[in-house]
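For reference, the structure discussed in these notes is given below.
The values are calculated or read from the model by the stated rules, or taken from the named source; none is laboratory data. What you see is a predicted model; the values in this text were computed from it and never measured. Every residue, glycine among them, receives a Cβ derived from its backbone with ideal geometry; neighbour counts consider all protein chains shown.
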Amino acid sequence: MKQKKWIVSGFDRDKAEALQKATGLSDLAVSVLCARGIDSPQRAADFLDSSPDVLHDPCLLQDMDKAVAEIRRSIESGEKIAVYGDYDVDGVTATCILVKYLRNKGAPCRYYIPDRLSEGYGLNTEALRSLKQEGVDLVITVDSGITAKEEAEYAKKIGLKLIITDHHECRESLPDALAVINPRRDGSVYPFRELAGVGVAFKLITALEGAEKTKRLLKEYGEFVAVGTIADVMPLCSENRAIVKAGLESLENTKNPGLRMLMKQAGIEGKRLTSNSVSFILAPRINAAGRLGRAESALKLFLTADYAEAEQLAAELCELNRSRQTAENQILDEILLRLKTEFNPGRDHVIVLWGENWHNGVIGIVSSRIADRFGLPTVLISLDGDTGKGSGRSVSGFNLFEGLETCSDFLEKYGGHELAVGLTINKKNLEAFRAGLNEYAAGVSGLYDNIDRLNIDFEARPEELTVKNAKGLYALEPYGMGNQQPVFSLSNVLIDEIMPISFEKHLKMTVECGGQMFCSFLFGTGSSNCRFVEGDRVDIAFSLELNSYRNKENVQLILKDVKRTRLEEENDIKQLELYSCFLAGGRINAEDADRMMPSRENLVAVYRHVKTNARDGVLVTDPETLYRKIRRESKLIMELSQLMLCLEVFREFHILDYSKENESLRILINRLEQKVDIFGSKILLRLKQSKEA
């Protein structure tokens, strides 16, 4: 579990009290608002306003008038229209709503989603040629096309009209299309540039219908727009906040057979839905179809009106998701093993790796997991012969798309935005690309200021963590990028019990603070990677959730980070300094020497623990955790300095050997040829002399 730097905002309690009286919000809710600088009634009202009235006029988007005129003319003329989508959740939901709208208007409309595995991302000339041969007159892209200059020229050449709607970063020049709608275009006067691809498609629909019908359209399409916006990790503020809040409310009582059956199969039908429900439950199942080359299954699910077909398709998506998880874990294990030898923290500013025949559909999510674990932008590339297809994920403060632009000479194709990219590269350019991206990253001043930071709203009091206050936080939802779920901290917490769950993937911990017991969960950390033991005093950072069991609700803590208390850390530092001073030949007083002197029981306990827990004769752990685990299981008094002395004695007699790797110890068990008398140790003799001096 990687330690983070805690940045605690804090707040003015007088302002919070005044805001609570003015708004009627719960104590925790107003405290969070104040911690985020929203400390007046007007600011709070502006932030919390999620009514459709905050949505901007779609006609402010460049080329919207051209697109509307052409689509209306095409519908009136009975021309065949194709919606060209994308295989991720954003692209699928965008395709869904535009196809639904156009068909409702009587347009002969079909859809086309490129196969992720054989075609890759975005427009391609073969698809355009095929659509033209089918008699399609107009192609409207959603969530793609903004960098497709060559493809747009080809469409024009074969007489295929093209309208592009997208939200990804634009290059200096745009494709030559009838209309290019993107809130990120240079010179755009549209007030909000953070719409998802499905958000831009929704804006096109509202422009076609008239902005005065926005509320009705939000009820009709809002659930899909919300799902796509959340899944694409767009900031949930301004327009997106209004769209997602309305969409989640519609989703709970959806009349769409596909959404209903998917929620049923995922086990969340009838439950309160949040952005987390979409992010961690629905989105992975929808994405799995596209990742494994079956995106059309997801689109069919949302377009069907038949509940039996919807149930079958929803079950298929859940099965695909299980297959995706298996493929993902296999690649992740391989990469983590390689990073032990191929990753150099002092040299590598980004992680760029490639491998033969990695599944193109899952390397994006593996990139995300690696980026999160190492705190570095990550690009993974799957090689098939001389061609590599890559997917990258970034971290806060690093614009990965700009990084690719500086390395464009090495790439055949690329696209995306600040936090997520896709690319195609020739095998011969891999090393040059990795070097170029690292060079770019190294040259950006203050690039990693936000990496490994954990933003905490404030330190809570145990008595504030109630069911009522937890429910009061609902007013701040939906949570996501730009409006993160509140994170709190507690100090000097006692770990009462640690229990592995889900086959050692996660931990359930019972903790006590201020005389109150709380159930907490540490996800993604098994007991083998846990740095703490029962009885430890720690500081915790967490978000609040409610658990309902047998009609009884209680608060549970979702741990974001755990660290030892300052007193514990200071004692460990002092003990290491004492040990280092003695080992270097420095003088220590009799009291410290007595405290450091290991007993026979200490030596036995250390050796027994190392031998029991070593794998293939090697144990890798951090010393602070090691001595606490030994102390816990042996019920002996032990300090960090005593542990290090024990290891030094064992090394003196070649029983064990150890080395330091960053903050970890690598302990190797040696094969003993004969018995030894460890109490004849020169190190122990010198320590005894210091004790008696």
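Points worth noting:
Let's see how each residue does on (1) assigned by TED's automatic domain parsing to the domain that holds residue 504; (2) at pLDDT 95 or above:
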| position | (1), (2) |
| --- | --- |
| 522 | yes, no |
| 533 | yes, no |
| 538 | yes, yes |
| 543 | yes, yes |
| 599 | no, no |
| 617 | no, no |
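- Residues that are touching a residue at least 40 places away in the same chain (Cβ under 8 Å), over 17 Å from residue 300 (Cβ atoms) and not in a helix (DSSP H, G or I) within segment 106-131 comprise 117, 118, 120, 121, 122, listed in sequence order.
- In the set (1) among the hydrophobic types (A, V, I, L, M, F, W, C); (2) at pLDDT below 95; (3) within 30 Å of residue 396 (Cβ to Cβ); (4) part of a helix (DSSP H, G or I), the condition left unmet by residue 320 is number (3).
- Checked across segment 348-370, the condition of being among the aromatic types (Phe, Trp, Tyr), assigned to a loop (DSSP other than H, G, I, E, B) and surrounded by fewer than 17 Cβ atoms within 10 Å (Cβ to Cβ) holds for no residue.
- Taken over segment 132-150, residues that are free of Cβ contacts under 8 Å to residues at least 60 places away in the same chain and surrounded by fewer than 22 Cβ atoms within 10 Å (Cβ to Cβ) amount to 7.
- Residue 100 being surrounded by fewer than 16 Cβ atoms within 10 Å (Cβ to Cβ), of a type outside the set (A, V, I, L, M) and either outside the structural domain of residue 64 (by TED's automatic domain parsing) or part of a helix (DSSP H, G or I) (or both): no
- Scope segment 151-170; condition under 20 Å from residue 399 (Cβ atoms) and touching a residue at least 60 places away in the same chain (Cβ under 8 Å); matching residues: 167, 168, 169
- Among strands (runs of 3 or more DSSP E) entirely within segment 486-591, having at least 1 residues that are among the small types (Gly, Ala, Ser) and closer than 30 Å to residue 476 by Cβ singles out 488-501, 516-522, 537-549.
- Residue within segment 635-650 that is surrounded by fewer than 19 Cβ atoms within 10 Å (Cβ to Cβ) and free of Cβ contacts under 8 Å to residues at least 24 places away in the same chain present: yes
- Test set (1) crowded, with 20+ Cβ neighbours inside 10 Å; (2) over 19 Å from residue 431 (Cβ atoms); (3) of a type outside the set (Gly, Ala, Ser) - residue 377 fails condition number: (2)
- Residue match in segment 80-93 (condition: more than 29 Å from the chain's Cα centre (by Cα), at pLDDT 95 or above and assigned to a helix (DSSP H, G or I)): no
- Between 300, 264, the distinction of being more than 30 Å from residue 118 (Cα to Cα) and at pLDDT 95 or above belongs to 264 only.
- Residue identified as among the aliphatic types (A, V, I, L, M) and either modelled with pLDDT under 95 or closer than 18 Å to residue 354 by Cβ (or both) among 490, 419, 494: 419
- All of (1) surrounded by 15 or more Cβ atoms within 10 Å (Cβ to Cβ); (2) without any contact (Cβ under 8 Å) to a residue 24 or more places away in the chain; (3) over 23 Å from residue 480 (Cβ atoms) hold for residue 319 with one exception: (1).
- Test set (1) in the same structural domain as residue 195 (by TED's automatic domain parsing); (2) surrounded by fewer than 18 Cβ atoms within 10 Å (Cβ to Cβ); (3) in contact with a strand residue (DSSP E or B) (Cβ under 7 Å, 6 or more places away or on another chain); (4) touching a residue at least 12 places away in the same chain (Cβ under 8 Å) - residue 9 fails condition number: (1)
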